[in-house]
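I have placed the structure first, in the form of structure tokens, so that the comments after it can refer back to it.
The values are calculated or read from the model by the stated rules, or taken from the named source; none is laboratory data. None of the values given here were measured: they were computed from a predicted structure. Counting neighbours? That spans all protein chains shown, and the Cβs are built from the backbone with ideal geometry, glycine included.
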Amino acid sequence: MSASQYETSDRTSASTFQLPGLDSTQTLYASCALAVLLFTLITVLARRKSKSTRNSVLFVGAPDAGKTAILSSLAFHQQLPTHASLQTNSSLITLPNVKKPVQVVDIPGHPRIRVQYRDYFNDAKAIVFVVDASTVSRNGAAVAEHLHQILHSFMSISPSQSSPALIILAHKSDLLASTTSSSSTPADQMAINRVRTILERELEKRRQSQAGGMGIESLGGDEGDHTEVSGLECSAVGGSVFRFSDWEGGEVTFLGTSISRTGEKVQDEKANNIGGLEGFQQWLSDLY
Ligand SMILES: Nc1nc2c(ncn2[C@@H]2O[C@H](COP(=O)(O)OP(=O)(O)OP(=O)(O)O)[C@@H](O)[C@H]2O)c(=O)[nH]1
Ligand SMILES: [Mg+2]
């Protein structure tokens with residue numbers, strides 16, 4: 001091959017990597033700048049997408065806790081007669097000072113159905129765990145098992161993803177009012193204290209069983225009996241017992257709630273407030 005032939009082929013291959021009007025160094029810089037721009041664009045779009053996916057509110061909790069009753073109070077401003085739900089309910093609710101309606105998904109508490117919360121977990125902006133404060137002393141272990149499943153899901157969220165907010169409603173506080181009428185503590189606060197204390201005790205039992213390698217009751221659904229169940233990790237500062245305030249999965253809010261009896265109009269039209277659920281409505285509004 002002659003020297004002139006080499007020259008021609010060199011020029012041809014060089015020209016394929018050059019942008020018109022730029023030499024090879026400038027072409028390299030331009031390509032790098034373009035790559036950085038594309039990367040930034042993709043990252044921004046991906047972040048926006050992951051932020052925008054968390055929009056709904058998820059109601060979970062034991063059967064008969066009051067989830068559907070709360071949902072119908074918020075959605076229809078009236079407590080409709082309810083019965084054990086056998087399928088997931090979904091409704092749009094309006095919140096004070098929030099422009100767009102918010103979707104609420106109510107997962108039945110039946111052990112076989114409750115695992116369906118996982119299908120909605122990644123879209124949830126808030127997880128609302130409803131507890132019947134009037135019966136929790138009797139069924140605390142079962143309620144804690146259910147809550148453990150939820151806490152486990154929180155701890156499984158990857159660090160790059162945002163977590164939903166978690167609130168535990170100490171519900172049916174009206175049923176404590178008669179038993180606590182002589183006490184100076186308001187019924188809502190009494191309900192919170194009771195629910196928090198019982199759940200912390202029951203979750204601590206589960207934590208100890210795990211640590212002792214004794215195995216604990218199943219977390220339900222298709223997870224079966226896990227030997228390495230986690231989700232109850234607490235910061236070392238808090239000492240050795242389970243405390244919601246030390247839980248590593250995030251902040252846990254407690255609120256006492258109740259709703260009026262069947263058929264009563266429960267909305268204060270002017271304030272758009274619903275008796276016994278105002279604090280909860282406000283908490284939701286603050287999220288949106
Ligand atoms: N006293 C009182 N009763 C309530 C309150 N909230 C709900 N209830 C009653 O509790 C019962 C159960 O309520 P539901 O809303 O059906 O319970 P749920 O959590 O949806 O139960 P599942 O669908 O089985 O998971 C109903 O009879 C309600 O009227 C409350 O604040 N106070
Ligand atoms: Mg229901």
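Residue count for region 239-274, restricted to those that are loosely packed, with under 14 Cβ neighbours inside 10 Å, more than 16 Å from ligand 1 (Cβ to nearest atom) and at pLDDT below 90: 7.
Which members of region 108-133 meet the condition of being without any contact (Cβ under 8 Å) to a residue 60 or more places away in the chain, within 12 Å of ligand 1 (Cβ to nearest atom) and surrounded by fewer than 18 Cβ atoms within 10 Å (Cβ to Cβ)? Those that are without any contact (Cβ under 8 Å) to a residue 60 or more places away in the chain, within 12 Å of ligand 1 (Cβ to nearest atom) and surrounded by fewer than 18 Cβ atoms within 10 Å (Cβ to Cβ): H110, R112, I113, Q116. When V105 is tested against (1) within 15 Å of ligand 1 (Cβ to nearest atom); (2) more than 17 Å from the chain's Cα centre (by Cα); (3) surrounded by 16 or more Cβ atoms within 10 Å (Cβ to Cβ), exactly one condition is not met: (2). Here G61 meets each of (1) in contact with a Pro (Cβ under 9 Å, 6 or more places away or on another chain); (2) buried (at least 16 other Cβ atoms within 10 Å of the Cβ) with one exception, condition (1).
L284 meets all of the listed conditions (1) modelled with pLDDT of 95 or more; (2) within 17 Å of V131 (Cβ to Cβ) but one, namely (2). Scanning region 63-87 for residues that are more than 6 Å from ligand 1 (Cβ to nearest atom) and in contact with a strand residue (DSSP E or B) (Cβ under 6 Å, 6 or more places away or on another chain), we see that the one that is farthest from V143 (Cα to Cα) is H77.
For the criterion of being assigned by TED's automatic domain parsing to the domain that holds V128, in contact with a helix residue (DSSP H, G or I) (Cβ under 7 Å, 6 or more places away or on another chain) and at pLDDT 90 or above, L169 passes. Take the conditions (1) closer than 22 Å to E248 by Cα; (2) aromatic (F, W, Y); (3) within 16 Å of ligand 1 (Cβ to nearest atom); F154 misses just one of them, which is (3). Annotation: of all residues in region 151-162 being surrounded by fewer than 22 Cβ atoms within 10 Å (Cβ to Cβ) and in a helix (DSSP H, G or I), the one that is farthest from ligand 2 (Cβ to nearest atom) is M155.
Of everything in region 70-87, what is within 9 Å of ligand 2 (Cβ to nearest atom) and not in a loop (DSSP other than H, G, I, E, B)? Give them in sequence order. Answer for region 70-87, where residues must be within 9 Å of ligand 2 (Cβ to nearest atom) and not in a loop (DSSP other than H, G, I, E, B): just L71. Residues considered: S209, S178, S183. Of these, the only one that is over 23 Å from K67 (Cβ atoms), surrounded by 13 or more Cβ atoms within 10 Å (Cβ to Cβ) and modelled with pLDDT under 95 is S209.
Residues of region 108-138 that are assigned to a loop (DSSP other than H, G, I, E, B) and more than 16 Å from ligand 2 (Cβ to nearest atom): N122, D123, A133, S134. If you filter region 98-107 down to residues that are without any contact (Cβ under 8 Å) to a residue 60 or more places away in the chain and in contact with a Phe, Trp or Tyr (Cβ under 9 Å, 6 or more places away or on another chain), you find that the one that is farthest from ligand 2 (Cβ to nearest atom) is K99.
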